[in-house]
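Asker: Structure incoming, see below.
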Amino acid sequence: MTTPKQSNTEWVRCYYDAFNRRDWEWIAAMLAPDVEWFHASRDERVRGTNAVIACFRSLVEGTPSAQIEVRAIHDAGPVIIAECGIRHVQKRISSPPPLRGASSSNRPPPIEPATFCEILEVKGGRCSRGTTYADSVRLLMDINQAAAA
């Protein structure tokens, strides 16, 4: 009995699940040894598994609550487009009751979380090239938001 081949959608979900666990060994196994990653907004190109993992780690260092939320996956064969956002996983803490006469209108409106897009080229079950399109400053602000809370 043969096992069915993993779909690109399953591959992408597995990849981001590993990222959210900060399982760098798992991600490294999903990358081709000569992987190339391009961050369009920073005009930065990183080559090789170790360099790509180091780049990813530096992005989220110290922010365990910042998680990537996959919003849509577009499968175009060997090229996969993932539309993502950042969400924060918070421990449940009971909040104190509101003060009498306090109005919630004094709170600033919530800021819509940043979204970004990654294009992944997958060959033989491993990513050979990735490209991130994001507003890097806004993305870093969203990632670090939980660290300040």
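Asker: Inspect region 35-56 for any residue being of a type in the set (Gly, Ala, Ser), surrounded by fewer than 18 Cβ atoms within 10 Å (Cβ to Cβ), at pLDDT 95 or above and within 17 Å of residue 118 (Cα to Cα) and give the result as yes or no.
Answerer: Within region 35-56, not a single residue is of a type in the set (Gly, Ala, Ser), surrounded by fewer than 18 Cβ atoms within 10 Å (Cβ to Cβ), at pLDDT 95 or above and within 17 Å of residue 118 (Cα to Cα).
Asker: Looking only at region 57-71, count how many residues are under 16 Å from residue 37 (Cα atoms) and either in contact with a Gly (Cβ under 6 Å, 6 or more places away or on another chain) or at pLDDT 90 or above (or both).
Answerer: Residues in region 57-71 being under 16 Å from residue 37 (Cα atoms) and either in contact with a Gly (Cβ under 6 Å, 6 or more places away or on another chain) or at pLDDT 90 or above (or both): 1 in total.
Asker: Still on this structure, please answer the following. Looking at this structure, is residue 97 at pLDDT below 75 and part of a loop (DSSP other than H, G, I, E, B)?
Answerer: yes
Asker: I'd like the full set of residues that are among the aliphatic types (A, V, I, L, M) and either outside any helix (DSSP H, G or I) or in contact with a Ser or Thr (Cβ under 7 Å, 6 or more places away or on another chain) (or both), limited to region 17-65.
Answerer: Residues satisfying the conditions are 28, 31, 32, 35, 40, 46.
Asker: Let me ask something else. What pairs come out if I take residues in region 109-124 that are under 19 Å from residue 75 (Cβ atoms) and in a loop (DSSP other than H, G, I, E, B) and pair them with residues that are modelled with pLDDT of 95 or more and hydrophobic (A, V, I, L, M, F, W, C) whose C-beta lies under 9 Å away, six or more apart or interchain?
Answerer: Final answer for the pair search is 124/32.
Asker: Surrounded by fewer than 14 Cβ atoms within 10 Å (Cβ to Cβ), of a type in the set (A, V, I, L, M, F, W, C) and at pLDDT 85 or above: which single residue out of 76, 102 fits that description?
Answerer: Result of the check over 76, 102: 76.
The values are calculated or read from the model by the stated rules, or taken from the named source; none is laboratory data. Because the structure is predicted, anything quoted here is derived from the model rather than measured. Note: ideal-geometry Cβ built from the backbone for every residue, glycine included; neighbour counts use all protein chains shown.
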